[in-house]
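The values are calculated or read from the model by the stated rules, or taken from the named source; none is laboratory data. Here the structure is a predicted model, which means the values were calculated and not measured. Backbone-built Cβ (ideal geometry, glycine too); neighbour counts: all protein chains shown. Heavy atoms of the whole protein, side chains included, go into the accessibility calculation; ligands, DNA and RNA do not. Shrake-Rupley method; radii C 1.70, N 1.55, O 1.52, S 1.80 Å.
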Amino acid sequence: MWDLTPAMQAWDQQDVNQFNRLPVWMAVQQVKRLKYYSRWRRKYKKLPWKPNMGSLLQGIIPEPSPKTRQVAAPRNITEVAYRTQVSHYERSNTGRVKHQKFESPQFNFLPSFQDFRAQQIPFATEDLMKQIATYYDDFIRWQALQQSPFVYIVNNTTAGEGNYIPAVYGEATDTSSPKDAGWFANMLLKVGAGDGGFLDFRQMCAVRDYAEVKAGIVPWSGLPGEPGENNVQQGKYMLTGEKTLYRALAFDTHILQNRPLAMNLLNSTFAGTISENINFLEEMYPLRFAEDGSFPQPEIEVELPALTYGSTMRYEVMPNAAYVNAPGGVAFFEGNEPYEDLEIGPPPAPFSQKNISMDKFTKLRWNGEVTLTDNILTNLGSNQFDTNKYGEYLQLISYCTMGIIAKTSRFCLPVIYRRKIAPSLTIA
Amino acid sequence: MKNLLRFITSLFIAAVAFGQVTTSGTLTAGSNNVISTDGVAILSLQISDTSGSANAVVVYDTDSASTTNIVRPAYTSAGSYQTNRIVSFTNRVGVVQTYTNTVLYPYTSSVSASTNEAPRVLSTVVTANSTQSFTPVNVNTPLSTTLGLTIRPVGSAVYTITYQPLR
């Protein structure tokens, strides 16, 4: 503007919104997450699967004859001797190969081209790998639980039953499990109230005693030899469960009353073997069930309040309240090799190799490996489909085979107890 | 010195109270008064009758406001019984051999759904216009519930309870 007098528009300011600016400054924030560690997948010995032997494995185990008497009273030499005839049998177990597919949605190239956050595909790959790892672990654990012929109920309140009781058992399929929701609900109602039904130190020792005496469980590690004087047969067992069980030992009444003075429970916690021969293994996602016998999902997406700027979909993955507050817990007390993990091995040769004639075809990988494929159909809407001939789309896929066969399933004893989250607050 | 003692006392009270819930209120006669919908460890309970008559009070392990019953769903139980197993076969030379072994035979049986009273944690009669207190015999093993905590009196009453949530 030209030729303004001193009084004209003397206080004008430049418009603050006159020029271009970015509405937000975006930064990728790094968040540390607990890495998943597998427990059940590596727990049991592998049994390599032989191809071309069908899809059902029958394992054969010779069983020795039982000791059927405690009293021996042979005849005198002057009489005709009695004869004892000893015979043995076989027992068999079965295991089947199972399979499961995992995949991501189809990825279009555009988000990777235009979105702020790069590395979307690698993140999705890691995410899928975690789901595969947890699925495999859950499969082994669920079969071990379902095929156990006995269970231990902490402080069972049902008159005449005792803590170590027989349970319905068998292979769990995709449609049914012998130990169903009704069964778990009833087991939870049996758990005692006297000491809270919690799996404390004394109860852990009781589980061990029942396992040795009633179940005759062979130790997890170390086949014991003849015990010497003032000693019992050695050998360690494995207790797998949630971390609270082990943490609670630092506040356990029996331990506090009998601990050595050198045990520092202020700056440290209970450490080492539980009562001479019980080793503890923590699970990342322990088995917990609700009052009705259902198993709540361990994690859940929580909807966060909307922001003025940003995505309209804001979710954070957190532990599910129904899971962390579930009243029933299942721990596993195990001896020697209750199960074997079936190692399926490579697919049949024509499907697993690429030679000149098979070059156009995808190689079958069923070891759980996550691969990126563009061999997909795309849905264009209105019932129109097309191949991905321009390569605009990718998808993560994985195919996993698995299997488990019992050896001596009673050597895995599920322990059902009442849960606590903070035993430090409920034990004086 | 007095201030020091007061400070120590308040610290002690704070330490004892940490994590615990102390609540009080009125109990409606003939109704389920739900104190907690989660399992708790009862550390102390005091019930005072306000009905003017002997008052039967039951503390249940349940979180239901409408019923003192629990429906146990149907399930399959397992057991075994001792029996003789006779094995008979014809051997290679044509002689029939028979053995009788004593074995444990497993069985399963269906248990129908049933409606039973919820587990009673505590059952007492509070005399008219008086107060009854309960504390665990051993403070290290408080009385615990799994499903919740509900108090049902026959007549009106008031309560004060200290408990520790288990979850």
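The listed residues are A:Ile416, A:Ile404, and the only one of them that is within 14 Å of chain B (Cβ to nearest Cβ), over 14 Å from A:Phe107 (Cβ atoms) and at pLDDT 90 or above turns out to be A:Ile416. Taking the conditions (1) more than 19 Å from the chain's Cα centre (by Cα); (2) away from chain B (no Cβ under 13 Å); (3) among the hydrophobic types (A, V, I, L, M, F, W, C) in turn, A:Ala185 satisfies each one other than (2).
What about A:Leu287, is it at pLDDT below 90, away from every other protein chain (no Cβ under 14 Å) and touching a Lys or Arg at 6+ places or on another chain (Cβ under 7 Å)? Here the answer is no, as A:Leu287 does not meet what is asked. Pairs meeting the criteria (first residue in the stretch A:262-273 and without any contact (Cβ under 8 Å) to a residue 60 or more places away in the chain, second residue hydroxyl-bearing (Ser, Thr, Tyr), beta carbons under 9 Å, at least 6 apart or on different chains) are A:Thr269/A:Tyr246; A:Phe270/A:Tyr246. Quick one: would you say A:Gly54 is open to solvent by less than 100 Å² (accessible area, probe 1.4 Å), out of contact with any His (no Cβ under 6 Å at 6 or more places or on another chain) and at positive phi? When the stated conditions are applied, A:Gly54 passes them. Scanning the stretch B:111-121 for residues that are modelled with pLDDT of 90 or more and out of contact with any strand residue (DSSP E or B) (no Cβ under 6 Å at 6 or more places or on another chain) yields a count of 2. Being free of Cβ contacts under 8 Å to residues at least 24 places away in the same chain, surrounded by fewer than 17 Cβ atoms within 10 Å (Cβ to Cβ) and assigned to a loop (DSSP other than H, G, I, E, B) is a property that does not hold for A:Val168. For the criterion of being open to solvent by 70 Å² or more (accessible area, probe 1.4 Å), more than 10 Å from chain A (Cβ to nearest Cβ), farther than 30 Å from A:Arg202 by Cα and of a type in the set (Val, Ile, Thr), B:Thr68 fails. How many residues does the stretch A:245-278 contain that are crowded, with 18+ Cβ neighbours inside 10 Å and among the β-branched types (Val, Ile, Thr)? Of the residues in the stretch A:245-278, 3 are crowded, with 18+ Cβ neighbours inside 10 Å and among the β-branched types (Val, Ile, Thr).
The criterion of at least 1 residues that are surrounded by 16 or more Cβ atoms within 10 Å (Cβ to Cβ), under 29 Å from the mean Cα position of the chain (by Cα) and among the basic types (Lys, Arg) is met, among strands (runs of 3 or more DSSP E) falling completely within the stretch A:372-428, by A:412-418. Pairs linking a residue in the stretch A:145-156 that is without any contact (Cβ under 8 Å) to a residue 12 or more places away in the chain to a residue that is β-branched (Val, Ile, Thr) and surrounded by fewer than 21 Cβ atoms within 10 Å (Cβ to Cβ), with Cβ atoms under 7 Å and 6 or more positions apart or on different chains, do not occur. With respect to (1) part of a loop (DSSP other than H, G, I, E, B); (2) open to solvent by 20 Å² or more (accessible area, probe 1.4 Å), the lone exception for A:Trp142 is condition (1). Here is a check on your reading of the model: is A:Ser92 touching a residue at least 24 places away in the same chain (Cβ under 8 Å), within 30 Å of A:Asp341 (Cβ to Cβ) and assigned to a loop (DSSP other than H, G, I, E, B)? Criteria not met by A:Ser92. I'd like to check something: does the stretch B:12-27 contain any residue that is away from chain A (no Cβ under 14 Å), surrounded by 15 or more Cβ atoms within 10 Å (Cβ to Cβ), at pLDDT 90 or above and not in a helix (DSSP H, G or I)? Yes; the residues of the stretch B:12-27 include at least one that is away from chain A (no Cβ under 14 Å), surrounded by 15 or more Cβ atoms within 10 Å (Cβ to Cβ), at pLDDT 90 or above and not in a helix (DSSP H, G or I). Would a scan of the stretch A:34-47 turn up a residue that is open to solvent by 90 Å² or more (accessible area, probe 1.4 Å), at pLDDT 80 or above and assigned to a loop (DSSP other than H, G, I, E, B)? Yes, because at least one residue in the stretch A:34-47 is open to solvent by 90 Å² or more (accessible area, probe 1.4 Å), at pLDDT 80 or above and assigned to a loop (DSSP other than H, G, I, E, B). In this entry, A:Glu161 passes the filter for residues that are open to solvent by 50 Å² or more (accessible area, probe 1.4 Å) and over 30 Å from A:Trp49 (Cα atoms). Here A:Val213 meets each of (1) open to solvent by 30 Å² or more (accessible area, probe 1.4 Å); (2) within 14 Å of chain B (Cβ to nearest Cβ); (3) over 15 Å from A:Cys412 (Cβ atoms) with one exception, condition (2).
Residues of the stretch B:78-96 include none that is over 18 Å from the mean Cα position of the chain (by Cα), within 21 Å of A:Asn186 (Cα to Cα) and among the β-branched types (Val, Ile, Thr). The one condition from (1) small (Gly, Ala, Ser); (2) out of contact with any Asp or Glu (no Cβ under 7 Å at 6 or more places or on another chain); (3) farther than 21 Å from A:Gln143 by Cβ; (4) not in a loop (DSSP other than H, G, I, E, B) that A:Gly197 does not meet is (4). Within the stretch B:28-65, the set of residues being within 13 Å of another protein chain (Cβ to nearest Cβ) and β-branched (Val, Ile, Thr) comprises B:Thr37, B:Val40, B:Ile42, B:Val59, B:Thr62. Confirm whether A:Phe123 is open to solvent by 60 Å² or more (accessible area, probe 1.4 Å), of a type in the set (A, V, I, L, M, F, W, C), more than 30 Å from B:Val87 (Cα to Cα) and free of Cβ contacts under 8 Å to residues at least 40 places away in the same chain. Yes, satisfied. Of all residues in the stretch B:75-124, those that are open to solvent by less than 80 Å² (accessible area, probe 1.4 Å), more than 12 Å from every other protein chain (Cβ to nearest Cβ) and within 30 Å of B:Val154 (Cβ to Cβ) total 2.
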